[in-house]
1. Can you tell me which of (1) surrounded by 12 or more Cβ atoms within 10 Å (Cβ to Cβ); (2) over 30 Å from ASN53 (Cβ atoms) is the one GLU115 doesn't meet?
2. Among the residues of region 44-74, count how many are touching an Asp or Glu at 6+ places or on another chain (Cβ under 9 Å), modelled with pLDDT under 95 and either basic (Lys, Arg) or part of a loop (DSSP other than H, G, I, E, B) (or both).
3. Check whether at least one residue in region 127-134 is modelled with pLDDT of 95 or more and aromatic (Phe, Trp, Tyr), and report yes or no.
4. Looking at region 188-236 only, could you name the residues that are modelled with pLDDT of 80 or more, in a helix (DSSP H, G or I), open to solvent by 30 Å² or more (accessible area, probe 1.4 Å) and out of contact with any Gly (no Cβ under 7 Å at 6 or more places or on another chain)?
5. Report yes if some residue within region 127-140 is under 18 Å from PRO229 (Cα atoms) and surrounded by 15 or more Cβ atoms within 10 Å (Cβ to Cβ); otherwise report no.
6. Restricting to region 162-187, name every residue that is at pLDDT 95 or above, surrounded by fewer than 17 Cβ atoms within 10 Å (Cβ to Cβ) and among the hydrophobic types (A, V, I, L, M, F, W, C).
7. Please count how many residues of region 54-67 are open to solvent by 50 Å² or more (accessible area, probe 1.4 Å) and touching a Gly at 6+ places or on another chain (Cβ under 8 Å).
8. Does VAL239 satisfy being within 28 Å of THR126 (Cβ to Cβ) and at pLDDT 90 or above?
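The values are calculated or read from the model by the stated rules, or taken from the named source; none is laboratory data. Treat the numbers as computed from the prediction; the structure is a model and nothing was measured. Neighbour counts are summed over all protein chains in view; Cβ atoms, including those assigned to glycine, are modelled from backbone coordinates with ideal geometry. Areas reflect the complete protein model, heavy atoms only, side chains present, ligands, DNA and RNA absent. Shrake-Rupley method; radii C 1.70, N 1.55, O 1.52, S 1.80 Å.
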Amino acid sequence: MKKISILITAALLIFACKEDVKLTFETRHIEKSTDATIVVNYPKAVGTKALANKINQQIEHVIANEMNMANTPENDISIDEAVSQFDQEYKSFKRDFQDSSQKWEAKVDGQVVYESPELICLSLQTYTDTGGAHGNGRTTYLNFNPETGDLFEQKDLLKNLDQFKKVAEEAFMEQTKPKDKDDTMEDFFFGEDFQLPSNIGFTNNGLVLLYNNYEIASYVQGITKITLPYDQIKDYLKVNP
């Protein structure tokens, strides 16, 4: 009886711990336009303190490093520091090039695009313009374990990778519209065979493979998104969306 009592108590404690893990998201807004134009909106985790803090640190790390003009070593800069630093770099630019009418911009738009008991997916769209022919835009997917706050890596999300790549390549060929109708797979991947992107996100429509500018093809090709419905790839997923 004593052993049974101990087991029941342990089970109740585990259940209680799981029940105490609560997480929601609210939007944090930062805006500054006196010098450089800076607008940052991103989802901030709120709830179980340790879990929320862990997720927020990783979100802010990605945003700060996208804005990091001074190339401060990673993990050494916060979002607020990155905003201030970006503005200071623009002031320095104006002092050095007083005849320039170039206005620097940094914009971030983040949102939660998918939630399930096993996964939370965030999308961060960042854009910086510090002169030149065009600005630099990038979309980043962050996939979190909602129980631990850890970031999932590709190996944590996908299995049977060789077979999955074949399915993904077929979808790529069907869904991609090249600027030049004579473009081949090697033209997209700079002479190489098909490759999976570093960015994989979860949405209501399915798994998204996202290639940012310059990752494949030329800049004019823009961002390339391939969507794989979950019912077609369920055998290759390690998490249940």
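1. (2)
2. Summing the residues that are touching an Asp or Glu at 6+ places or on another chain (Cβ under 9 Å), modelled with pLDDT under 95 and either basic (Lys, Arg) or part of a loop (DSSP other than H, G, I, E, B) (or both) in region 44-74 gives 5.
3. no
4. Once the filter is applied, which keeps residues that are modelled with pLDDT of 80 or more, in a helix (DSSP H, G or I), open to solvent by 30 Å² or more (accessible area, probe 1.4 Å) and out of contact with any Gly (no Cβ under 7 Å at 6 or more places or on another chain), region 188-236 yields ASP231, GLN232, LYS234, ASP235, TYR236.
5. no
6. The answer is VAL167, and nothing else.
7. Residues flagged as open to solvent by 50 Å² or more (accessible area, probe 1.4 Å) and touching a Gly at 6+ places or on another chain (Cβ under 8 Å) within region 54-67 amount to 1.
8. Judged against the criteria, VAL239 is a match.
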